[in-house]
Amino acid sequence: MIGPIGLLAVAAGMLFVRQGPGQAFAVTISILVGVVFLWVLVSVFSAAKADKTCPRCGSEGLRQLDPETTLGVTCAECGFADETASSFYLAEEAGALEHTVMRERGRQRTGVRP
């Protein structure tokens, strides 16, 4: 977002010099609100995906090290393993995370849902 915001600042400065402060302010605020709204829409409708690319061999072979936690990844192709890397998105693709997350936090589920 730094690039587009910098470009917007330059365009606002040029508009300020050519048109005066009143119109430049209104146009700049309108564009800024539009960009923020567009950013929120893109963020909401584009779901995050797990990056399964292995840092060592570059293949799409990353898997969870332990299916019972959200930490640790291993590569099925080259055997690379990282016990500290997050495997949250990989676990999310595999299914529901509620029991795993609650177990990692050391809590018991208190409410019963139908």
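The values are calculated or read from the model by the stated rules, or taken from the named source; none is laboratory data. This is a predicted model, so every value here is computed, not measured. Note that we place each Cβ from the backbone using ideal geometry, even for glycine, and neighbour counts take in every protein chain shown.
Which one is nearest to P67 (Cα to Cα) among residues in the range 78-105 that are among the small types (G, A, S) and either surrounded by 12 or more Cβ atoms within 10 Å (Cβ to Cβ) or at pLDDT 75 or above (or both)?
Restricting attention to the range 78-105, the residues satisfying the condition of being among the small types (G, A, S) are 79, 81, 85-87, 91, 94-96.
The next check asks that each one be either surrounded by 12 or more Cβ atoms within 10 Å (Cβ to Cβ) or at pLDDT 75 or above (or both); those that pass are 79, 81, 85-87, 91, 94.
Working: G79: 17, A81: 14, A85: 14, S86: 12, S87: 9, A91: 7, A94: 9 Å.
Per the stated criteria, the residue is A91.
The residue list V40, V35, V17 contains one member that is touching a Pro at 6+ places or on another chain (Cβ under 8 Å) and not assigned by TED's automatic domain parsing to the domain that holds R103, which is V35.
Among the residues making up the range 1-57, those that are surrounded by 12 or more Cβ atoms within 10 Å (Cβ to Cβ) and closer than 29 Å to V73 by Cβ are A50, D51, K52, T53, C54, P55, R56, C57. Pairing residues of the range 82-94 that are more than 21 Å from C57 (Cβ to Cβ) with residues that are modelled with pLDDT of 85 or more and among the polar types (S, T, N, Q), at Cβ distances under 7 Å and at least 6 apart in sequence or on separate chains, gives A91/Q64.
Of the residues that make up the range 46-58, is at least one modelled with pLDDT of 80 or more, of a type in the set (S, T, N, Q) and within 19 Å of the chain's Cα centre (by Cα)? Yes, that holds for at least one residue.
Just one residue in the set G79, G72, G6 is without any contact (Cβ under 8 Å) to a residue 60 or more places away in the chain, assigned by TED's automatic domain parsing to the domain that holds L97 and within 26 Å of the chain's Cα centre (by Cα); that residue is G72.
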